[in-house]
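Notes follow once the structure below has been shown.
The values are calculated or read from the model by the stated rules, or taken from the named source; none is laboratory data. What you see is a predicted model, and the numbers here were worked out from it, not measured in a lab. Cβ sites come from the backbone with ideal geometry, for glycine too, and all protein chains shown count toward neighbours. Remember, those area values only see protein heavy atoms, side chains included, never the ligands or the DNA or RNA. Shrake-Rupley method; radii C 1.70, N 1.55, O 1.52, S 1.80 Å.
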Amino acid sequence: DTIKELGGIFADAWRDHGNVLIPAFAVGRTQELLYWFALHWDEWQLSRWRIFLDSPMAAKVVSIYDRHASFKLPNLHVTQSTAESMAINRIESGAIVIAGSGMANGGRILHHLRYNLGRRNAHVVFVGYQAQGTLGRRLVDGAKWVRIHGQDYRVNARMHTVGGLSAHTD
């Protein structure tokens, strides 16, 4: 069911001409996602997307995995610099962005949310537990407005919670 759900989200986002943002923990969850991406590459038609891993810590872990596992993705762009991360936000359609933090409480995902939350064609996919008091929880609970870096942002993006990837019972 989880695989079908993720594939459906990617299909909907492509149809909507939007981006997909995935707040993910740098160690463990990110590598699990990349594994599923590689395994379902054709089924999910991922070749048509630009996939970004925007987390310096996750990038270090992925470089270790690259030596020992076969989940290489030909269109995976691993960003290191702040400038590379910021450039992603100029893309209005066709990007899948995996960035930390998993509960959207800090890290580079906040910048991507600022640029995408107001877009009706954007999709935000939560793949882990969202604790009370976090931005991720407020989004999952249906907040219409959220505050990021001292500014309020309207939430028009579609929210998805993929529970099959969480180790928690939420």
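Tell me the strands (runs of 3 or more DSSP E) entirely within region 86-170 that contain at least 3 residues that are over 22 Å from residue 8 (Cβ atoms) and more than 14 Å from the chain's Cα centre (by Cα).
On the way: elements: 95-99, 123-126, 145-148, 151-154, 158-161.
Here the list reads 145-148, 151-154.
Pull out all pairs, ordered by first then second residue, where Cβ-Cβ is under 8 Å, the residues are six or more apart or on different chains, the first lies in region 22-51 and is over 11 Å from residue 72 (Cα atoms), and the second is open to solvent by 80 Å² or more (accessible area, probe 1.4 Å) and in a loop (DSSP other than H, G, I, E, B).
That search, which allows pairs on different chains as well, returns 47/74.
Can you find, within region 93-105, the residue that is most open to solvent (accessible area, probe 1.4 Å) among those that are on the phi < 0 side of the Ramachandran plot and modelled with pLDDT under 95? Give the derivation first.
The first filter runs over region 93-105 and keeps only residues on the phi < 0 side of the Ramachandran plot, leaving 93, 95-103, 105.
Narrowing the set further to residues that are modelled with pLDDT under 95 leaves 98-103, 105.
On the way: 98: 1, 99: 2, 100: 16, 101: 39, 102: 2, 103: 47, 105: 95 Å².
Within region 93-105, the match that is most open to solvent (accessible area, probe 1.4 Å) is 105.
Are any residues in region 55-83 modelled with pLDDT of 90 or more and in contact with an Asp or Glu (Cβ under 8 Å, 6 or more places away or on another chain), and if so, which ones?
If the condition is that a residue be modelled with pLDDT of 90 or more and in contact with an Asp or Glu (Cβ under 8 Å, 6 or more places away or on another chain), then 79 is the only one that fits.
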